[in-house]
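J.: After the structure tokens below, expect a handful of questions from me.
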Amino acid sequence: MRKPVLFALPFLLGSLFSAGARADEAQKIIDQYLKAVGGSKAVSRLQTLSIDGSVAVIGDAPPGTYTFKVKRPNRVYIELRANGDTLIESYNGKSAWHEAADGQIGTLLGRDGVEMEVAAQYYNARLESLAKRKVGAAYKGETQLRGRSSQELELTYPNGVQWHVFFDPQTHLIVEEKAQIAGIPREITYDEYRSVNGVKVPYKIELTRGTDHYSISVTRVGVNETIGERVFDFPMKSQVKLPDLKKLFEQLDANQKQIDKIKENYAGTRMEEETEYDKTGRVTKKEA
């Protein structure tokens with residue numbers, strides 16, 4: 001019974017060493033990326049990122065628009081308007097929601113919601129402190145993307161969701177991401193990086209969403225600008241808007257005080273007297 005174990009032991013040790021080597025190589029690629037994109041300090045100070053872009057369309061139709069916003073620790077908003085359709089996906093820190101091409105707005109549940117939450121974590125973390133977030137990173141080797149060599153990493157989140165991220169071995173920047181978000185497979189390629197406030201951001205994005213393809217030219221980038229929480233929340237138009245009770249009671253109290261003041265200005269006293277006399281003119285009865 002011992003002999004098979006002895007034969008298996010070298011194979012097991014080899015597998016462990018191989019896994020360790022893949023993890024070390026993955027961390028090396030991540031470190032090179034963080035340095036290339038602006039440095040770990042710059043990435044750690046990145047609290048919000050806003051990207052606006054123009055979407056190319058076929059024919060004479062006006063170009064569409066692309067909006068991408070993230071806010072730490074885990075907010076994301078992605079909006080795509082093109083060819084008469086509006087597609088929105090968001091995670092507000094507690095729940096995920098989307099607006100489909102038919103205009104229907106709804107909460108993302110189950111696996112779709114989990115994938116949207118992971119997208120929020122991925123885009124905010126920027127591959128920083130993955131071990132602290134319990135995200136596994138494995139080096140999958142070199143591969144060819146559009147005729148160019150790239151290094152592939154596989155990220156595995158605690159809930160089992162995976163992202164495949166590809167890096168340029170020369171610039172060490174991300175050239176492509178592959179993942180499923182909200183139940184729809186995505187392939188996103190990045191090019192023409194420019195530095196904005198110390199952080200490199202791609203100005204050309206190619207997005208394949210399911211069977212649809214979009215070419216996006218970035219027109220504006222905002223780094224660490226103020227982004228309100230309402231941006232990521234479920235749209236108010238599809239909810240019953242409840243009043244602010246504290247404000248409502250304050251208004252009621254102020255209104256009552258105003259009514260009381262008006263009463264005081266117009267208040268007065270009215271007296272009526274009734275007197276009865278006898279034949280001699282003497283008062284016999286008097287009432288007030």
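The values are calculated or read from the model by the stated rules, or taken from the named source; none is laboratory data. Note that the structure is a prediction, hence the values are computed from the model and not measured. Note: ideal-geometry Cβ built from the backbone for every residue, glycine included; neighbour counts use all protein chains shown. Surface accessibility is based on the protein's heavy atoms, side chains included, excluding ligands, DNA and RNA. Shrake-Rupley method; radii C 1.70, N 1.55, O 1.52, S 1.80 Å.
J.: Taking only the alpha-carbon atoms of the stretch 117-186, what semi-axes of the equivalent ellipsoid follow from 5 times the gyration tensor eigenvalues under a square root, in whole Å, largest first?
T.: On the way: eigenvalues 86, 40, 22 Å².
Ellipsoid semi-axes (Å, largest first): 21, 14, 11.
J.: Once you list every other residue whose beta carbon is under 10 Å from the beta carbon of Ala125, what net charge do they have if Lys and Arg are +1 and Asp and Glu are -1?
T.: +3
J.: Give me the net charge of Arg186's neighbourhood, meaning all other residues with Cβ under 9 Å from the Cβ of Arg186; Lys, Arg count +1, Asp, Glu -1.
T.: 0
J.: Mean-square fluctuation check for the chain, GNM, Cα pairs under 10 Å: which of Phe232, Phe166, Phe249 is largest?
T.: Comparing Phe232, Phe166, Phe249 in the GNM, the peak value goes to Phe249.
J.: Under 19 Å Cα-Cα from Lys247, which lysines qualify once same-chain neighbours fewer than 8 residues away are excluded?
T.: Counting by Cα, and skipping residues close in sequence, Lys247 has these lysines nearby: Lys257.
J.: A further question on this structure: For the chain, with every protein chain kept in place, what is the accessible area per residue (1.4 Å probe, Å²)?
T.: 63 Å²
J.: Taking Cα atoms, how many degrees apart are the long axis of helix 245-266 and the longest axis of the chain, rounded to 10 and kept between 0 and 90?
T.: 20 degrees
J.: How large are Rg and Dmax for the chain when only the alpha carbon atoms are used, in Å?
T.: Calculated on Cα positions, Rg and Dmax stand at 33.6, 145 Å.
J.: Sticking with this structure for a sec: So if I restrict to the alpha-carbon atoms in the stretch 160-288, what is the Rg, and what is Dmax, the biggest pairwise distance, in Å?
T.: Cα radius of gyration and Dmax of the stretch 160-288 are 38.6, 128 Å respectively.
J.: Would you calculate, for the chain, the mean residue ellipticity at 222 nm contributed by helices, counting each DSSP H stretch of 4 or more residues as -39,500 (n - 2.57) and dividing by all residues, to the nearest 500?
T.: Mean residue ellipticity at 222 nm (helix-derived): -9500 deg cm²/dmol.
J.: Computing the accessible area with a 1.4 Å probe over protein heavy atoms, can you report the carbon and sulfur percentage for the stretch 153-235? Don't skip to the end; give the middle numbers.
T.: Numbers: 1760 of 3780 Å².
It is 47 percent, rounded to a whole number.
J.: Pick from Met116, Met271, Met236 the residue whose mean-square fluctuation is largest in a GNM of the chain, springs joining Cα atoms under 10 Å.
T.: So, out of Met116, Met271, Met236, the one fluctuating most is Met271.
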